[in-house]
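The values are calculated or read from the model by the stated rules, or taken from the named source; none is laboratory data. Just so it is clear, the model here is predicted, and its values are computed rather than measured. All Cβ positions, even for glycine, are placed from backbone atoms using ideal geometry, and neighbour counts span all protein chains on display.
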Amino acid sequence: MKDCEALPPILIEKAKGAKLYDSNGNFYYDTISSWWCNIHGHNHPHIKQAIKKQIEKLDHVLLAGFTHKTAILLAEKLISIAPKGLAKVFFSDNGSTAVECALKMSYQYWQNIGKTRKRKFVSLDCAYHGDTIGSMSVSGVNLFNEKFSPLFFKSYKVPTPYCYRCPLNKTYSDCRIECIKPLEKLLRGKGKEIAALILEPLVLAAGGMIIYPKEYLKKAAQFAKKYGVHLILDEVATGFGRTGRMFACEHAEVTPDFMCLSKGITSGTLPLGATLTSDKIYKAFYAPYDKNKTFYHGHTYTANPICCAVALASLEIFDKENTLEKIKPVMSAFHSGMESFKDMRFVGDVRCIGAIGAVELVKDKKTKKPFDFKERMGLKIYKEGLKRNIILRPLGNVIYLFLPLNITKDNLIFILNKTRESIRSALHFV
């Protein structure tokens with residue numbers, strides 16, 4: 001948030017469970033999971049114990065000519081829960097670098113096997129894949145990155161499957177996913193020069209919490225395979241239970257060529273990224289006597305032992321606490337509660353999946369006309385939320401909840417009531 005002078009940053013001193021506490025003793029429900037990464041609640045005892053245990057043994061070692069037990073165990077665990085066919089793990093630092101690794105691997109794979117024309121990438125025009133140059137190049141141009149657009153490499157963009165603002169003016173019940181036709185046409189005509197299609201599966205997070213049909217993802221995967229193009233799925237925001245499944249691509253029964261992970265991988269405690277891929281792709285880089293086929297990419301903190309230990313602890317919590325089963329009734333109550341927002345005067349659309357819910361504010365429900373940025377409706381609602389002990393960090397005219405998976409029904413009732421109050425209060429004089 002840019003408005004530092006008008007709204008100074010809040011000094012947070014401690015956190016526990018689903019709450020943050022500031023220096024004045026106020027609490028705030030962390031309804032956006034501290035930028036979508038906190039899964040099991042803050043200061044989970046099992047994660048704290050894992051940090052203490054690991055730091056007594058090994059703090060850090062380079063992952064070049066060396067390895068360590070936690071990296072091996074974490075790689076094995078990730079492969080065991082990932083879609084079938086993903087068999088190799090490349091560790092990095094964060095979501096952007098996990099995406100960069102996938103882009104570079106896809107590009108170099110085609111170069112390594114002699115298909116040197118395949119250098120382009122395809123993405124959705126509302127996508128967001130990170131803040132590094134490569135990840136920005138395959139993102140839509142928006143407020144997050146437009147200043148840097150002269151630095152981007154050229155990539156293809158296709159229309160986002162945005163049901164509320166359908167470019168074909170159809171409804172989901174009768175559209176037959178016709179919005180995928182531009183993607184199919186592009187892959188059919190340009191497949192020989194395209195290395196990969198990159199998608200955020202089912203939820204375009206920073207693009208406005210746009211939730212799209214699983215049928216689109218399934219068809220996109222089919223077209224990528226048909227026209228010989230890699231499928232990269234960016235599960236940085238959607239992975240680790242956010243959509244009700246461990247990974248969002250499971251809803252469509254899709255296995256990508258690359259899967260990018262970060263954020264929830266450590267439940268938001270420490271930075272870590274991972275890019276998963278197949279044996280087939282890995283083998284194209286394995287040539288002991290050909291240095292030109294080596295994947296020359298590495299990070300100082302790749303597979304840091306403490307980060308890996310925390311990631312393992314987070315995955316253990318899923319098993320020990322039966323997280324995905326336990327959260328199901330809460331998610332159901334969440335979706336039912338979100339439906340009530342549809343009756344509000346300035347709410348144009350309500351969309352939910354798993355622990356993610358969003359309301360899109362409009363000036364006019366019939367025309368779907370949005371509020372102008374200068375009106376700062378999102379900022380007004382954010383301020384009202386803080387007064388009511390919740391964090392409602394807007395994405396333009398979209399107010400969203402990205403709940404941690406330790407949330408209870410009582411917590412949920414409080415959050416939904418205060419969200420409704422905050423929206424009503426901010427828009428009272430409109």
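Just one of (1) farther than 30 Å from PRO9 by Cα; (2) among the β-branched types (Val, Ile, Thr); (3) touching a residue at least 12 places away in the same chain (Cβ under 8 Å) fails for THR367. It is (3).
Matching residues to (1) within 25 Å of the chain's Cα centre (by Cα); (2) within 21 Å of GLY41 (Cα to Cα); (3) modelled with pLDDT under 95:
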residue	(1), (2), (3)
MET331	yes, yes, no
PHE334	yes, yes, no
GLY337	yes, no, no
PHE341	yes, no, no
ARG345	no, no, yes
ASP349	yes, no, no
GLY354	yes, yes, no
VAL359	yes, no, no
LYS368	no, no, no
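Only one of the numbered conditions (1) in contact with a helix residue (DSSP H, G or I) (Cβ under 7 Å, 6 or more places away or on another chain); (2) surrounded by fewer than 22 Cβ atoms within 10 Å (Cβ to Cβ); (3) under 24 Å from GLY239 (Cα atoms) is not met by PRO161, and that is (2). The sole residue among ASP257, ASP290 that is modelled with pLDDT under 95, of a type in the set (D, E, K, R) and farther than 16 Å from LEU405 by Cβ is ASP290. Region 100-211 holds strands (runs of 3 or more DSSP E) entirely within its bounds, and those carrying 2 or more residues that are of a type in the set (Val, Ile, Thr) map to 194-199.
Pairing each residue of region 112-139 that is on the phi > 0 side of the Ramachandran plot with any residue that is part of a helix (DSSP H, G or I), provided the two are 6+ apart or on different chains, yields C-beta distances under 6 Å for GLY130/GLY95; GLY130/SER96; GLY130/VAL99. Of all the residues in region 347-390, those that are of a type in the set (Phe, Trp, Tyr) and either closer than 30 Å to PHE247 by Cα or buried (at least 21 other Cβ atoms within 10 Å of the Cβ) (or both) number 1. Within region 240-253, identify whether any single residue is at pLDDT 95 or above and touching a Phe, Trp or Tyr at 6+ places or on another chain (Cβ under 6 Å), and answer yes or no. No, region 240-253 contains no residue that is at pLDDT 95 or above and touching a Phe, Trp or Tyr at 6+ places or on another chain (Cβ under 6 Å).
Out of LYS2, LYS14, LYS84, I need the residue that is assigned to a loop (DSSP other than H, G, I, E, B), over 19 Å from the mean Cα position of the chain (by Cα) and at pLDDT 95 or above. Which one?
That would be LYS84, the only listed residue that is assigned to a loop (DSSP other than H, G, I, E, B), over 19 Å from the mean Cα position of the chain (by Cα) and at pLDDT 95 or above.
Among the conditions (1) within 20 Å of CYS249 (Cα to Cα); (2) surrounded by fewer than 20 Cβ atoms within 10 Å (Cβ to Cβ), TYR21 misses just one, which is (1). For region 257-287, a tally of residues being part of a helix (DSSP H, G or I), among the hydrophobic types (A, V, I, L, M, F, W, C) and over 20 Å from ILE306 (Cα atoms) returns 1.
Condition check ((1) at pLDDT 95 or above; (2) surrounded by 15 or more Cβ atoms within 10 Å (Cβ to Cβ); (3) out of contact with any Pro (no Cβ under 9 Å at 6 or more places or on another chain); (4) over 13 Å from CYS308 (Cα atoms)) across all residues:
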position: HIS46; (1), (2), (3), (4): yes, yes, yes, yes
position: ILE55; (1), (2), (3), (4): yes, no, no, no
position: LEU74; (1), (2), (3), (4): yes, yes, yes, no
position: LEU78; (1), (2), (3), (4): yes, yes, yes, no
position: PHE91; (1), (2), (3), (4): yes, yes, yes, no
position: VAL99; (1), (2), (3), (4): yes, yes, yes, yes
position: SER106; (1), (2), (3), (4): yes, yes, yes, yes
position: TRP110; (1), (2), (3), (4): yes, yes, yes, yes
position: SER123; (1), (2), (3), (4): yes, yes, yes, yes
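Taking region 111-170 as the range and being of a type in the set (D, E, K, R) and within 18 Å of the chain's Cα centre (by Cα) as the test, the residues that pass are ASP125, ASP131.
Is it true that GLY268 is crowded, with 22+ Cβ neighbours inside 10 Å, small (Gly, Ala, Ser) and either touching a Pro at 6+ places or on another chain (Cβ under 6 Å) or at positive phi (or both)? For GLY268, the condition - crowded, with 22+ Cβ neighbours inside 10 Å, small (Gly, Ala, Ser) and either touching a Pro at 6+ places or on another chain (Cβ under 6 Å) or at positive phi (or both) - is met. Of all the criteria given as (1) part of a loop (DSSP other than H, G, I, E, B); (2) surrounded by 12 or more Cβ atoms within 10 Å (Cβ to Cβ), the one not satisfied by PRO9 is (2). For region 171-181, the set of residues classified as modelled with pLDDT of 90 or more and among the charged types (D, E, K, R) consists of ARG176, GLU178, LYS181, listed by residue number. Among the criteria (1) within 28 Å of VAL141 (Cβ to Cβ); (2) within 13 Å of the chain's Cα centre (by Cα); (3) part of a loop (DSSP other than H, G, I, E, B), the one VAL254 does not fulfil is (2). Does TYR286 satisfy the condition of being aromatic (Phe, Trp, Tyr) and surrounded by fewer than 16 Cβ atoms within 10 Å (Cβ to Cβ)? Yes; evaluated as a whole, the condition is true for this residue. Out of curiosity, is LEU168 aliphatic (A, V, I, L, M), without any contact (Cβ under 8 Å) to a residue 24 or more places away in the chain and at negative phi? Taking the combined requirement at face value, the residue satisfies it.
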